[in-house]
Amino acid sequence: MFTVLFSSVITLLFTVVQLSAEYNKQLDQRVLFNQIIEESLLDSLSKSIWTYDDAQIYLQLQGIVNIPSIERAVLNLPENVEFNIGEITASNIVDQHFDVNYQQAGQERRMGQLTIYSEMDSTYNHLIAFGSAMLFSNFLKTALVVLFMFYLSDRLIGRHLMHISNKLAKFSEAEKAEPIELNRKYHDENDEIDLLVDSINNMQQRIFFERNKAFNEVKKKEEIQLEIVEQKEKLLKLEHKVSISEIVRSLANELNAPLINVKAFCKLTLEQMQQPSFDPKRVELAVDKIIENSCHALDIVNRTKEIIQRNEPQKEKVNVNVLIEKSVFLLSQELESVGVSINHHAPEDNVEILADKLQMEQALLNILRNSIEALSTMDTSNRSIEASATIFQEQVIIRIEDNGPGLSELIIDKIFQPFFSTRDKGLGVGLCIAKTLITSNDGDVMVNLDYKQGACFIISFPYHRDI
């Protein structure tokens, strides 16, 4: 296609050049006629005008009109005298003006002006006929050359490429391919087609070899993938068991305080009832405490049961400050046993988020318990935790800060990973569970790297004005 297009363009260019040369030739012929008029006819015409020889003037004008391509000649003399001969019939006319001067006693006198009207129709028709003939001739020669090139291309290249294409169409990577052979006569030395055939034969062999190699590798990968799936299933079961263990440990820690209180008040009630004269009011107060702590323990068990059974968060409007206060209350026994105080700052009362209340409560408990366990390792009486909730730039920010040993930069990136713990007896899933619960409620938790007085956890949630 490109060969034909290129040949056509070349043909047109050659035709344009030839046409331009013929046009210049026609113009040169007209220039020659003008020179004849200027050098020969004007001088004799001026003499006829000087002698007032009208017959000679008409005869000379007729001679000018007889020149090819000149249709009309007009001679304008002073005092509005005009001689003209011929008639304009062509549609394309070119007029030329010549001054007629007469030499008298060495002086040149202007006698009048000669105007010649030349037709261009014959020139244009000649150029059209000439251009058509040249164009046809050039296209014919170009077509013959192109056809011959196509014939040679097909005999020398095309049919062999078609043979190679048919062989490749039958190629199957699952079967070993037969080598491609070309039946080329009068051919002694290897050329580009021979190199192409050799390359294709080598490629087919490599494809067959690499295919078998890849098949074996895929088979091995499938076996490894099955092993990975089995290991993941085992790991998920282990994570589930460890998560249950963490929740059970948390449950035991939370139940410890109300059960100790129930035991103490039961013992006090029994001692009062063994007295000869016991105080009914004190017994009634102790029974109320027993009922209160029993209800508290039952609430802890029910909350833990709901957390274990719940798959998707049940979001509702939750007051963050109330959530912090309840978490502090649930951890009161642990705080008292290790001598840690929690200071809850609530600059804004109505700080609310849209989240699952039980899951957020469990997440706060895990983070607060992490701070309590870190503070319990310090030999100091000043052990404190600061908790606050504020609204900042369309975000609800919860900060939990402690004045414990802090976190090393080496472990900050790992602190939320499962089974990572800096304590010997720690399971390493408390913070991981907290992060999972927070993110499942569209929140985020991170460690403040700029906090140097201990550890600082920042929990953020989107702030919804319309809840």
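The values are calculated or read from the model by the stated rules, or taken from the named source; none is laboratory data. These numbers were taken from a predicted model, which means no experiment stands behind them. Neighbour counts are summed over all protein chains in view; Cβ atoms, including those assigned to glycine, are modelled from backbone coordinates with ideal geometry. The protein model used for the area step is the full one, side chains on, heavy atoms only, and it has no ligands, DNA or RNA in it. Shrake-Rupley method; radii C 1.70, N 1.55, O 1.52, S 1.80 Å.
Once you treat every alpha carbon in the stretch 1-92 as an equal point and sum by Debye, what is log10 I(q)/I(0) at q = 0.20 Å⁻¹? Here the Debye-derived log intensity ratios amount to -1.01. Against the set [x] 25.2; [y] 22.6; [z] 35.4, the structure's computed Kirkwood radius over Cα pairs in Å falls on [z]. Annotation: residue 203 carries an accessible surface of approximately 80 Å², with a 1.4 Å probe and no ligand, DNA or RNA atoms counted. Dipole of the stretch 98-228 computed with +1 at Lys/Arg Cβ and -1 at Asp/Glu Cβ about the Cα centre; of 122, 205, 224, farthest Cα towards the positive end is 122. Largest accessible area first, the listed residues 357, 219 line up as 219, 357 when surface is computed with a 1.4 Å probe on the assembled protein chains.
What relative contact order, as a whole-number percentage, does the chain give when Cα pairs under 8 Å and 6 or more residues apart are counted? Relative contact order, the chain: 9 percent. When 20, 388, 327 are compared by accessible area at a 1.4 angstrom probe, the order from most to least is 20, 388, 327. Rounded to the nearest 20, the Cβ-based charge dipole of the chain about its Cα centre (Lys and Arg +1, Asp and Glu -1) stands at 2300 debye. By a 1.4 Å probe calculation restricted to protein chains, residue 124 has an accessible surface near 90 Å², given to the nearest 10.
Scanning residues 5 or more positions from residue 395 or on other chains, those with amide H under 5 Å from its amide H are 463, with H placed 1.01 Å from N in the peptide plane. Pairs spanning more than 23 Å between alpha-carbon atoms, out of 267/289; 25/141; 289/357; 167/219; 317/414: 25/141; 289/357; 167/219; 317/414. At a probe radius of 1.4 angstrom, the accessible area of the chain per residue rounds to 64 square angstrom. When the chain is described by a simple charge dipole with +1 on each Lys and Arg Cβ and -1 on each Asp and Glu Cβ, the residue from 353, 376, 16 located farthest towards its positive end is 376. Estimated purely from DSSP H runs of n ≥ 4, each contributing -39500 (n - 2.57), the mean residue ellipticity at 222 nm for the chain is -19500 deg cm²/dmol once divided by its residues.
Using Cβ point charges alone (K and R +1, D and E -1), the dipole size of the stretch 1-69 about the Cα centre works out to roughly 320 debye.
The order of 267, 281 by accessible area, most exposed first and with a 1.4 Å probe, is 281, 267. Solvent-accessible area of the stretch 49-100 (1.4 angstrom probe, protein heavy atoms only): carbon and sulfur portion equals 47 percent.
Helices assigned as whole DSSP H runs in the chain whose Cα atoms extend at least 24 Å along their own long axis and whose mean Kyte-Doolittle hydropathy is -1.0 or higher are found at 2-36, 121-153, 192-273, 280-309, 357-375.
Using heavy atoms of the protein chains and a probe of 1.4 Å, the accessible area assigned to residue 215 is about 120 Å². Stretching the chain fully between residue 90 and residue 161 yields a gain of 19.5 nm (0.36 nm per residue, less the alpha carbon separation).
Stretching the chain fully between residue 58 and residue 345 yields a gain of 90.6 nm (0.36 nm per residue, less the alpha carbon separation). Of the GluC sites (Glu not before Pro) found in the stretch 26-113, the ones in coil according to DSSP and having at most 12 other Cβ atoms within 10 Å of their Cβ are 79, 87.
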